[in-house]
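Student: Here it is, the structure in full.
The values are calculated or read from the model by the stated rules, or taken from the named source; none is laboratory data. Treat the numbers as computed from the prediction; the structure is a model and nothing was measured. When we count neighbours, we look across all protein chains shown, and the Cβ atoms used for this are built from the backbone with ideal geometry, even at glycine. These area figures cover heavy atoms from the full protein model, side chains too; ligands, DNA and RNA do not enter into them. Shrake-Rupley method; radii C 1.70, N 1.55, O 1.52, S 1.80 Å.
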Amino acid sequence: MATVTAPVPPPPYYFDGACEKGRVARVVALLLFISPGFFAQRARISQLVGTRRLPAMTLTTGIDNGLMSYGVNISRTFERAGDIAASILKGANPGEIAIEQAAIFEFVVNLKVAKALGLKIPQSVLLRADRVIE
């Protein structure tokens, strides 16, 4: 009796396959949304966009080879989460802790990536940036 093996499904975030499909479709840029899965895989995403020379804009900081990002400062968000966890561990009732919305958003432009991709970022864009990586 022969055994039949089902194909292994791709991981929930199949970045290699997505990048290959993008290459075939001649995608010229990438926009990444905030997702715990994306954040956990930021090193892999950084490697892929760097290797593929794909301009990427993210909605959070942390993708090293990203051309630009606009969104919350993820480090500050984690700090606030730590503060909230500490207050719960000290006895605060989680149901009484106010829900917070991020108040600080950053626009970051990475000129190192722009140069590597042969892109010129207009001065008007650079003047609006909160931070420019040179």
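Student: If GLY37 satisfies all but one of (1) of a type outside the set (S, T, N, Q); (2) outside any helix (DSSP H, G or I); (3) open to solvent by less than 40 Å² (accessible area, probe 1.4 Å); (4) out of contact with any helix residue (DSSP H, G or I) (no Cβ under 7 Å at 6 or more places or on another chain), what's the number of the condition it fails?
Tutor: (2)
Student: Can you tell me how many residues in region 56-77 are closer than 17 Å to LEU119 by Cβ, surrounded by fewer than 20 Cβ atoms within 10 Å (Cβ to Cβ) and polar (S, T, N, Q)?
Tutor: Residues flagged as closer than 17 Å to LEU119 by Cβ, surrounded by fewer than 20 Cβ atoms within 10 Å (Cβ to Cβ) and polar (S, T, N, Q) within region 56-77 amount to 0.
Student: Restricting to region 84-110, count the residues that are surrounded by 11 or more Cβ atoms within 10 Å (Cβ to Cβ) and more than 18 Å from GLY71 (Cα to Cα).
Tutor: 6
Student: Further, regarding this structure: ALA114 fails exactly one of the following numbered conditions: (1) in a helix (DSSP H, G or I); (2) open to solvent by less than 90 Å² (accessible area, probe 1.4 Å); (3) farther than 30 Å from ARG53 by Cα. What is the number of that condition?
Tutor: ALA114 satisfies every listed condition except (3).
Student: May I ask you to verify whether TYR70 is more than 11 Å from the chain's Cα centre (by Cα) and either assigned to a loop (DSSP other than H, G, I, E, B) or at pLDDT 80 or above (or both)? Quick ask: steps written out before the conclusion?
Tutor: Numbers: more than 11 Å from the chain's Cα centre (by Cα): no; either assigned to a loop (DSSP other than H, G, I, E, B) or at pLDDT 80 or above (or both): yes.
No: the conditions fail for TYR70.
Student: I would also like to ask the following. Being in contact with a helix residue (DSSP H, G or I) (Cβ under 9 Å, 6 or more places away or on another chain), of a type outside the set (S, T, N, Q) and either under 21 Å from ALA114 (Cβ atoms) or not in a helix (DSSP H, G or I) (or both) is the filter here, so list the residues in region 40-55 that pass it.
Tutor: Across region 40-55, the qualifying residues are ILE45, LEU48, VAL49, GLY50, ARG52, ARG53, LEU54, PRO55.
Student: How about region 117-134: which of its residues are open to solvent by 70 Å² or more (accessible area, probe 1.4 Å) and under 17 Å from VAL49 (Cα atoms)?
Tutor: Selection gives LEU119 alone.
Student: So how many residues does region 84-106 have that are among the hydrophobic types (A, V, I, L, M, F, W, C), at pLDDT 95 or above and either touching a helix residue (DSSP H, G or I) at 6+ places or on another chain (Cβ under 6 Å) or assigned to a loop (DSSP other than H, G, I, E, B) (or both)?
Tutor: 2
Student: Against the conditions (1) in contact with a strand residue (DSSP E or B) (Cβ under 6 Å, 6 or more places away or on another chain); (2) assigned to a loop (DSSP other than H, G, I, E, B), where does VAL109 fall short? Just the number, please.
Tutor: Every listed condition holds for VAL109 apart from (2).
Student: Suppose we filter ALA116, ALA85, ALA98, ALA81 for residues that are of a type in the set (A, V, I, L, M), more than 19 Å from the chain's Cα centre (by Cα) and under 25 Å from ILE45 (Cα atoms); which single one remains?
Tutor: Numbers: ALA85 fails: under 25 Å from ILE45 (Cα atoms); ALA98 fails: under 25 Å from ILE45 (Cα atoms); ALA81 fails: more than 19 Å from the chain's Cα centre (by Cα).
Selected residue: ALA116, the only one of ALA116, ALA85, ALA98, ALA81 that is of a type in the set (A, V, I, L, M), more than 19 Å from the chain's Cα centre (by Cα) and under 25 Å from ILE45 (Cα atoms).
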